[in-house]
Amino acid sequence: MASKRAIAEAVTNMPELQGLTFPLTEEKLGEVIAAVRAKTDLPCPTRNDPPRLTLSSSPVSRHLAIQAYIEAYEYNFTGENFFNVKGVRQNQSLFRVLEVAKRVIRESLPIKCVEAVYLGIYCTQSMSDIERLPIIFNSEISGHRYGHIVLAVKYSGKLGAIGLSRRNELMFKAWGFDTLSDLIFNYKQSYEKWSHKLNKIKLGTLIPHEGCSRVNDVVEWANTVISSKGVSWEDVDEQIHKKARQLGWEPKEVSKPPGAVAKARSKQADVVGTLPKKDSIYSKISAGTETEKDMDSNQAEVDAEADADEEKEGERDSRPSFLGV
């Protein structure tokens, strides 16, 4: 496999690719593709192989290693998807999700947030001690609407998240959140940091693991839709807690004294950060010391059905549209 530098040098030395003006016409694009295909001595691109992880390593180290692996992929800035990842617009079987993830690994092309979630599901499929929940965020800025998806993970009684974004705050979340509500509130704060208004939160169903007879069951990406537009966060918070209780992630009744939630989250925001530098991650994993403790759209495409969906507030919409910011 060739390095990225070797591939870049080979492409630079192709006269057919020099002086191109974008966007290309269909005729010119066809000529370029034909020229690349005719060149048989181009180096083979590097393949990103998944980390080899076992249940003997701690869930935290596996969480960090999987996130580092996903970040090793180049981010897709083209505005188009290289893979058929329409599964977040419509419910899809787990088998299909895993097959697409295998293709992503095989071709090792740039990816966006949806492919990152597919990879997260694939890499944790045999890890029965890690529960997985897809979360979709619909946000708005300057009249433009965007969607983003991450994979919440729960193990050892606390939560974190796996994902990919051009904004660090909107992808990975380190392990250490006490509740699903705390995790989502942290994402809300991250959106506000980038001047995005969070309009909706869509929570899926738990993803079944290997050895489960439900591998062909449909994965619901938006089983529960919570509108946060024009609604107090206290009301949103209660709906998130209700969902968490349905998932078995919280006791049936949660009693909190006034102001306790805000105080706890303020303290937690100072402790729970984003993924450290990659070198730091790998050195900690190899040394056996682990840390316990992001603005994307697909980077998620503009929600083509957002207007109709908002007029029917409360009606379930499982077909978000995803495009880069």
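The values are calculated or read from the model by the stated rules, or taken from the named source; none is laboratory data. These figures come from a predicted structure and were not determined experimentally. Neighbour counts are summed over all protein chains in view; Cβ atoms, including those assigned to glycine, are modelled from backbone coordinates with ideal geometry. Heavy atoms of the whole protein, side chains included, go into the accessibility calculation; ligands, DNA and RNA do not. Shrake-Rupley method; radii C 1.70, N 1.55, O 1.52, S 1.80 Å.
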Residue pairs qualifying under the 6 Å Cβ cut-off, at least six apart or on distinct chains, with the first in region 32-61 being open to solvent by less than 40 Å² (accessible area, probe 1.4 Å) and the second being in a loop (DSSP other than H, G, I, E, B) and at pLDDT below 85, are Ser58/Glu290; Val60/Glu290; Val60/Glu292; Ser61/Glu290
Right, Gly163: in contact with a strand residue (DSSP E or B) (Cβ under 7 Å, 6 or more places away or on another chain), surrounded by 18 or more Cβ atoms within 10 Å (Cβ to Cβ) and within 24 Å of Val114 (Cβ to Cβ) or not? yes
Filter region 15-31 down to the residues that are surrounded by 10 or more Cβ atoms within 10 Å (Cβ to Cβ) and over 32 Å from the mean Cα position of the chain (by Cα) and list them by number. Glu16, Leu17, Leu20, Lys28, Gly30, Glu31
Inspect all residues belonging to region 68-85 and state whether any of them is within 23 Å of Ser128 (Cα to Cα), at pLDDT 90 or above and charged (D, E, K, R). no
Kindly indicate which of Gly259, Gly211 is exposed (fewer than 14 other Cβ atoms within 10 Å of the Cβ), out of contact with any strand residue (DSSP E or B) (no Cβ under 9 Å at 6 or more places or on another chain), more than 23 Å from Ser156 (Cα to Cα) and at pLDDT below 95. Gly259
Selection status of Glu99, surrounded by fewer than 24 Cβ atoms within 10 Å (Cβ to Cβ) and of a type outside the set (Phe, Trp, Tyr): yes
Please tell me if Ile121 is open to solvent by less than 30 Å² (accessible area, probe 1.4 Å), touching a Lys or Arg at 6+ places or on another chain (Cβ under 8 Å) and either closer than 18 Å to Glu210 by Cα or part of a loop (DSSP other than H, G, I, E, B) (or both). yes
Just to be sure, is Ala174 surrounded by 20 or more Cβ atoms within 10 Å (Cβ to Cβ), in a strand (DSSP E or B), in contact with a Pro (Cβ under 8 Å, 6 or more places away or on another chain) and of a type in the set (A, V, I, L, M)? no
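Kindly provide the set of residues from region 62-96 that are of a type in the set (A, V, I, L, M, F, W, C) and exposed (fewer than 14 other Cβ atoms within 10 Å of the Cβ), ordered by number.
Ala72, Phe77, Phe95
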Within region 11-69, which residues are β-branched (Val, Ile, Thr) and closer than 26 Å to Gly157 by Cα? Thr54, Val60, Ile66
Every listed condition ((1) under 19 Å from Gly163 (Cβ atoms); (2) in a helix (DSSP H, G or I)) holds for Pro51 save (2)
At pLDDT below 95 and surrounded by 21 or more Cβ atoms within 10 Å (Cβ to Cβ): is that true of Ile111 in this structure? yes
Single unsatisfied condition, Ser126 versus (1) open to solvent by 10 Å² or more (accessible area, probe 1.4 Å); (2) at pLDDT 95 or above; (3) over 21 Å from Lys243 (Cα atoms): (2)
